[in-house]
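Report on the following structure.
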Amino acid sequence: MKVLILNCGSSSIKYKLYDDDQQLAEGLLEKIGTAEAQLGHTVAGRKKLVSVHEVLEHHAGIELILQVLVDPEKGVLTSIEDIQAVGHRVVHGAESFSESTLITPEVVAKIEECIDIAPLHNPPNLAGIYAISELLPKVPQVAVFDTAFHQTMPDKAFMYAIPYVFYARNHIRKYGFHGISHYYVSYEAAAMLGRAVDELKLITCHLGNGSSVTAVDHGRSVDTSMGFTPLEGLPMGTRCGDIDPAVPLYIMGKEELNLQQINALLNKHSGVLGISGVSNDFRTLEEESAKGDKRATLALEVFCYRLKKYIGSYIAAMNGADAIVFTGGIGENSDIVREMVVKDMEFLGVELDAETNRTKKRGEAADISKPSSRIKVLVIPTNEELVIARDTRRIAAAN
Ligand code: ADP
């Protein structure tokens, strides 16, 4: 079955076309809303093609992507009718969605209701859904949510200690994100360990531009570091992660900042960029740290120390762990970060094989712990689009 996967952001659309589990084409349309939108399109086994277009909104962007997919030279489809289902990554499903779902008018209405708590993410996701409804009206569409996997968290894990009315009335609670990735790597980890996911306790660390860590107990998310928004938890590229909530109030008073300014400070100017003053990119931080830049080193230390503390707390919360899993751009590629995080955890039964950690091949999954390590340390490349493709296929076929 040929399935198109769309991940619509505020000014970009990522897409992948699958035939069953085989990827036929992928691409990224950036700078939507301008006359210089850039489309990078790659057909499996061929060179990437880059072109520039005027694309003022998502509908036009998706129209362009569909045209490219059927283009006799650049494309892979003979007709647009070959697309049998479309899967959308939807960031926020709040408490309405604990699994992927066929998109119906009722589902669209519920995703629209979530705009209130995900004002940046859900509107572009919906723009993609509206566009496909118009351009491919007969094709079934499926929504796969970033929050759904975490809906199994118990209330003691998701409740904030603020007046209960804000949960009851305003739905303020921890939701968690990156669920598609945490789900995918926990199943892959079970396969690597030769065991069923429902007999394992796993700690999955998705470390990328945004980072989060999840406690997966018997295949179910029981706690995760991101919260009501993706700002909570680990320090990230530019997000502050956990801080004393009095700090923004204090800064707002001192510096006379308004809501938008403090929001930008915590989301765009903090994290490892804020500490280092150098970069939000971990490759640059590692290079500068190696050259002796003290603040780049401090940023890496803060990031790794905070992740170590989360891992320790999740081992306590689950009364043990079978494996710690690293994924995402940093988790998959930075042996330095992995080593800084899991070293000196022998007390908990974590023993890193430093040599395997350093020499493991890029892009490949690996067990980087010693044979004697009670808690295994695994590196597993994530594949969120594959999860979306599989769910879309399964749900479209059943309806
Ligand atoms: P996103 O969260 O946007 O999906 P990724 O998961 O691709 O992003 O992660 C991007 C991050 O991965 C970048 O911040 C970059 O610092 C980091 N990264 C990529 N390759 C390496 C590497 N070889 N060493 C260290 N960090 C890396």
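The values are calculated or read from the model by the stated rules, or taken from the named source; none is laboratory data. This one's a predicted model, so the numbers in the text were calculated from it and none came from an experiment. Every residue, glycine among them, receives a Cβ derived from its backbone with ideal geometry; neighbour counts consider all protein chains shown. Keep in mind that these areas ignore ligands, DNA and RNA; they rest on the heavy atoms of the full protein, side chains included. Shrake-Rupley method; radii C 1.70, N 1.55, O 1.52, S 1.80 Å.
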Original post:
Is one or more of the residues making up segment 22-40 in contact with a helix residue (DSSP H, G or I) (Cβ under 6 Å, 6 or more places away or on another chain) and farther than 16 Å from N125 by Cβ?
Top reply: no
**OP:** Within segment 301-331, count every residue that is within 20 Å of the chain's Cα centre (by Cα), open to solvent by 40 Å² or more (accessible area, probe 1.4 Å) and either within 13 Å of the ligand (Cβ to nearest atom) or of a type in the set (F, W, Y) (or both).
**Re:** 1
Original post:
Quick one: what pairs do we get from segment 270-290, first residue in a helix (DSSP H, G or I), second open to solvent by 40 Å² or more (accessible area, probe 1.4 Å) and near the ligand (Cβ under 7 Å from one of its atoms), C-beta under 7 Å, 6+ apart or different chains?
Top reply: G271/N280; V272/N280; L273/N280
Original post:
Quick one: would you say G9 is in contact (Cβ under 8 Å) with a residue 24 or more places away in the chain, closer than 20 Å to T392 by Cα and touching a Pro at 6+ places or on another chain (Cβ under 6 Å)?
Top reply: yes
Original post:
assigned by the TED database to the domain that holds A323, of a type outside the set (D, E) and part of a helix (DSSP H, G or I), is that true of R358?
Top reply: yes
Subject >> Subset of segment 233-253 [within 16 Å of the ligand (Cβ to nearest atom) and either over 18 Å from I330 (Cα atoms) or of a type in the set (K, R) (or both)] >> reply: R239
Original post:
When only residues in segment 200-225 that are open to solvent by 10 Å² or more (accessible area, probe 1.4 Å) and outside any strand (DSSP E or B) count, which is farthest from the ligand (Cβ to nearest atom)?
Top reply: H218
**OP:** Go through K14, K74, K47 for me and flag whichever is basic (K, R) and within 30 Å of A148 (Cβ to Cβ).
**Re:** K14
Original post:
Only one residue in V377, V337, V387 is open to solvent by less than 20 Å² (accessible area, probe 1.4 Å) and not in a helix (DSSP H, G or I). Which one?
Top reply: V377
